[in-house]
Amino acid sequence: MTLRNFKHISASSLNEATDILSKVNGKAVAIAGGTDLLGVLKDKIHAQSPEILVDLKTIPDLSYVKTTQKGIHIGALTTLTEICQNDTIKEQYGLLAQAALTVASPQLRNMGTLGGNICQEPRCWYYRAPDDIFHCLRKGGTKCGALLGDNRYHSIFGSVRVAKPACSETCPGSIEIPAYMDYVRNGDLDSAALILLANNPIPSITGRICPHLCESQCNRSEFDGAVSIRNVERVVGDYILDNATELLAPPQKELKESVAIIGAGPAGLSAAYFLRKAGYKVIVYEKMPQAGGMLTYGIPADRLAKDVIKRQIKAFEAMGIEFKFNTTVGENGITLTDLQEKFENVFLASGAWGERTLAMEKAELLTPGIDFLAAMGLGEKPAIGKKVLVIGGGNVAVDVAVTASRLGAEQVTMVCLESRDTMPAFEEEIAEALHEGVTIQPSFGPDRIIEENGSLTGLEVVSCTSVFDENGRFNPSFDTSVKQMIEADQIILAIGQSTDISYTGDQVKNNNGWIVIDEKTRATNLKGVYAGGDVTSGPASVIHAVAAGRETAYSIADIRPESNMPMGQSLEVHFESHGKCGRTQDIKGIDDIRSEAQRCVNCGCIAVNASDMAPALMALGAKIKTTKRILSADDFFAADIMKCTILDHDELVEEIEIPAPETTNRQGYQKFRIRNAIDFPIVSLAYSFDMDGDAIKDANIVFGAVAPIPLRAQAIEDFLEGKKLEDETGVAAGEIAAQSVKPLLKNAFKVQIVKALLKKVLV
């Protein structure tokens with residue numbers, strides 16, 4: 001393999017080096033010994049290679065070992081060979097010399113530096129695969145290949161959050177899925193509910209109708225099936241409604257400010273909840289007799305029971321949210337200007353209730369799909385033909401087709417411009433329509449409406465060869481030589497929706513009927529007036545609307561919520577979640593969702609820190625001086641994107657300071673590996689004991705290569721105080737270590753190595 005071209009700069013000082021790194025953020029990297037970086041560059045493990053290499057070896061006076069009364073100071077460019085051979089280090093800091101001697105081969109130790117060794121990139125074969133074959137979590141990707149793949153040499157002490165997991169990243173509502181799955185797994189539904197409610201106030205609804213895009217990106221998808229996230233959400237959502245008094249309680253503090261919301265659809269309901277939770281007085285104006293918008297009037301009851309919506313609205317009313325039904329802003333004496341004068345803020349969430357039409361002769365004979373579904377939502381039973389034809393390929397068209405079939409139509413056909421693979425409807429809804437016996441005719445468009453004596457008899461369609469032009473604009477092309485005649489006595493039009501924002505007059509800026517907003521604040525051009533949901537974006541999923549309402553509320557209330565999944569957080573990985581078990585097909589209650597939540601692997605990085613010097617420095621109580629600060633070795637190491645430290649991109653290690661050991665100190669380094677030369681540790685152990693006679697007065701034990709960062713064994717350190725070095729102590733320490741391990745499918749053997757090394761050093 002060849003290296004990509006780069007510019008080489010020989011730095012003359014640390015200031016010059018950090019200045020270059022700062023100015024070309026992300027495009028330059030520092031190189032010391034090069035034993036790690038050269039392999040990274042040669043194998044092209046990253047999608048992008050650095051444009052500049054800043055050579056630190058040309059900086060004078062960074063290779064030294066200086067002894068003082070308080071300890072020892074080692075320059076960052078001191079080679080591992082120099083550390084091995086230094087008499088003071090061998091005599092007083094034998095642990096450090098032993099660790100350095102185990103690194104690779106003599107040739108590599110001659111090149112490798114102390115600073116470089118503790119700053120090397122993760123050592124995981126998925127991470128290190130040539131040509132960036134696996135763009136994993138640690139590189140800013142969305143999946144960890146090792147979690148359910150080959151994890152022989154990976155962590156046995158859990159994973160670490162280094163990036164947003166794929167499920168949450170894909171979710172339009174940014175639901176922190178692994179966080180609430182963890183609570184469900186442990187039977188704590190109250191905590192799971194609070195995490196769901198932090199982003200989505202209607203999980204009982206979305207748990208029934210959400211397209212669950214999250215599941216398509218689940219790490220288990222190609223293993224034994226995605227976790228049934230939507231069904232878990234549904235059960236937790238129902239639990240919330242069952243316990244609404246506690247979980248959907250009124251705010252503890254009432255604010256003076258009030259907000260008017262136009263529209264009680266999912267965007268309006270979401271904004272109402274978050275604003276009310278923040279203490280605002282909230283009044284929702286809804287033109288229909290019931291709340292819910294398209295939830296009530298656009299989604300068939302067999303997919304979303306109306307009782308669920310009513311329970312949700314009742315819970316919101318108990319919070320203090322006020323609804324004014326059968327009230328159309330612009331009519332009944334209420335105008336947008338009136339609301340602006342009465343309320344501090346107004347949120348426009350009126351949705352997209354208009355039906356797009358066809359510019360065709362006799363188009364007046366077609367039935368609008370939205371009107372058809374709305375009639376069902378009002379409890380009416382619309383007239384239905386024997387042979388029904390639905391024009392459109394989206395979710396509304398599918399709902400219309402399925403509803404028509406269930407109302408008794410003998411034949412239901414869908415015709416759409418898109419090919420079968422590019423139909424905009426969600427795949428599971430298409431599958432449901434096919435199961436209901438609906439015939440789908442993709443890649444055809446309407447050409448001529450056929451009628452006799454004022455009654456429909458069918459539709460002539462022609463082949464659609466493309467829907468969009470070369471610029472991505474909607475501009476269908478047809479082959480009129482390919483025609484079909486589809487018999488129908490009722491044709492229902494469902495080719496898209498439009499808005500009715502006449503209530504805004506000409507005050508609010510819009511683009512072809514869609515309200516224009518600031519993408520960050522969701523504010524319109526009118527002061528104090530915001531908008532969100534379908535009225536701004538066009539028809540989208542319910543969870544998209546929920547997110548829009550939430551973000552609008554945050555903007556109005558100036559809320560910046562904290563994440564339940566902070567980066568760098570240690571995660572518990574469950575062994576039972578890694579065996580193939582298949583997803584629960586029929587989730588009904590709490591026991592089922594606990595079982596299903598066990599399948600969530602709590603996606604994080606399980607690559608280990610393979611540096612030999614890192615655990616040694618931690619066990620010795622070292623401090624690391626950088627160009628910006630002085631850090632304890634315990635605080636220096638971290639799991640992050642493309643690095644194993646907390647260093648900033650323009651921050652370099654300058655010196656390592658190690659305090660002088662007590663005269664009674666006993667220390668050493670143990671490393672288990674396959675080959676005594678070259679190999680990285682499978683398990684390593686650094687220890688430093690201050691003795692009081694034959695008993696341990698103070699213990700420092702740090703494991704390497706068993707966790708994403710070097711692992712200080714605090715419980716074992718506490719246990720060892722006052723204990724003697726004998727077999728019984730080593731066995732007991734091993735059992736303490738075993739209590740907190742969570743081995744994966746292929747690395748349980750490392751637990752025995754941990755026990756063996758502890759027994760070896762505690763004699």
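Out of all the residues in the stretch 250-258, is one or more more than 30 Å from residue 398 (Cβ to Cβ) and in a helix (DSSP H, G or I)? Give the steps one after another, and end with the answer.
First, the residues of the stretch 250-258 that are more than 30 Å from residue 398 (Cβ to Cβ): 250-258.
Next, from what is left, pick out any that are in a helix (DSSP H, G or I): none.
So far as the stretch 250-258 goes, no, none of its residues is more than 30 Å from residue 398 (Cβ to Cβ) and in a helix (DSSP H, G or I).
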> Which condition number does residue 282 fail, the rest of (1) in contact (Cβ under 8 Å) with a residue 60 or more places away in the chain; (2) outside any loop (DSSP other than H, G, I, E, B); (3) surrounded by 16 or more Cβ atoms within 10 Å (Cβ to Cβ); (4) in contact with a helix residue (DSSP H, G or I) (Cβ under 9 Å, 6 or more places away or on another chain) being met?
Replying inline: (1)
>> Exactly one condition in (1) modelled with pLDDT under 95; (2) crowded, with 21+ Cβ neighbours inside 10 Å; (3) more than 20 Å from residue 478 (Cα to Cα) is false for residue 412; which is it?
In response: (1)
> residue 731: at pLDDT below 95 and touching a helix residue (DSSP H, G or I) at 6+ places or on another chain (Cβ under 7 Å), yes or no?
Replying inline: no
> Here are some conditions: (1) closer than 18 Å to residue 353 by Cα; (2) touching a residue at least 12 places away in the same chain (Cβ under 8 Å); (3) small (Gly, Ala, Ser). Residue 385 meets all but one. Which one does it not meet?
Replying inline: (1)
>> Anything in the stretch 331-375 that is acidic (Asp, Glu) and under 36 Å from the mean Cα position of the chain (by Cα)? List them, or say none.
In response: 344, 355
> What number of residues within the stretch 474-502 satisfy the criterion of being over 46 Å from the mean Cα position of the chain (by Cα) and part of a loop (DSSP other than H, G, I, E, B)?
Replying inline: 2
> Looking at 689, 680, 703, 719, which one is assigned to a loop (DSSP other than H, G, I, E, B), assigned by TED's automatic domain parsing to the domain that holds residue 632 and aromatic (Phe, Trp, Tyr)?
Replying inline: 680
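Please note which helices (runs of 4 or more DSSP H) are completely contained in the stretch 323-422 and include at least 2 residues that are of a type in the set (A, V, I, L, M) and not assigned by TED's automatic domain parsing to the domain that holds residue 258. I'd like the intermediate steps shown before the answer.
Details: elements: 336-342, 369-377, 395-406.
Filter on the stretch 323-422 gives 369-377, 395-406.
Across the stretch 377-391, what is the number of residues that are within 45 Å of the chain's Cα centre (by Cα) and modelled with pLDDT of 90 or more? Reasoning before the result, please.
Kept after step one, since they are within 45 Å of the chain's Cα centre (by Cα), are these residues of the stretch 377-391: 377-382, 384, 388-391.
Narrowing further to those that are modelled with pLDDT of 90 or more: 384, 388-391.
So the count comes out to 5.
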>> Residue under question is residue 459, and the condition is that it be surrounded by 16 or more Cβ atoms within 10 Å (Cβ to Cβ), in contact with an Asp or Glu (Cβ under 7 Å, 6 or more places away or on another chain) and modelled with pLDDT of 90 or more; does it hold?
In response: no
> Only one of these conditions is not met by residue 639: (1) in contact (Cβ under 8 Å) with a residue 12 or more places away in the chain; (2) more than 18 Å from residue 654 (Cβ to Cβ); (3) among the small types (Gly, Ala, Ser); (4) part of a helix (DSSP H, G or I). Which number is it?
Replying inline: (4)
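Taking the stated definitions as given, is residue 304 buried (at least 17 other Cβ atoms within 10 Å of the Cβ), at pLDDT 95 or above and under 34 Å from the mean Cα position of the chain (by Cα)? Give the derivation first.
Numbers: buried (at least 17 other Cβ atoms within 10 Å of the Cβ): yes; at pLDDT 95 or above: no; under 34 Å from the mean Cα position of the chain (by Cα): yes.
Taking the combined requirement at face value, the residue does not satisfy it.
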> Under 8 Å by Cβ, and 6 or more places apart or on different chains, what pairs join a residue from the stretch 336-355 that is within 17 Å of residue 532 (Cα to Cα) with one that is among the aromatic types (Phe, Trp, Tyr) and surrounded by fewer than 22 Cβ atoms within 10 Å (Cβ to Cβ)?
Replying inline: 336/503; 350/503
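This table checks each residue for (1) without any contact (Cβ under 8 Å) to a residue 12 or more places away in the chain; (2) closer than 28 Å to residue 149 by Cα.
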position	(1), (2)
174	no, yes
186	yes, yes
191	yes, no
200	no, no
210	no, no
221	yes, yes
232	no, yes
253	no, no
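The values are calculated or read from the model by the stated rules, or taken from the named source; none is laboratory data. Everything numeric in this text was worked out from a predicted model, so none of it was measured. Cβ: placed from backbone, ideal geometry, glycine included. Neighbour counts: every protein chain shown.
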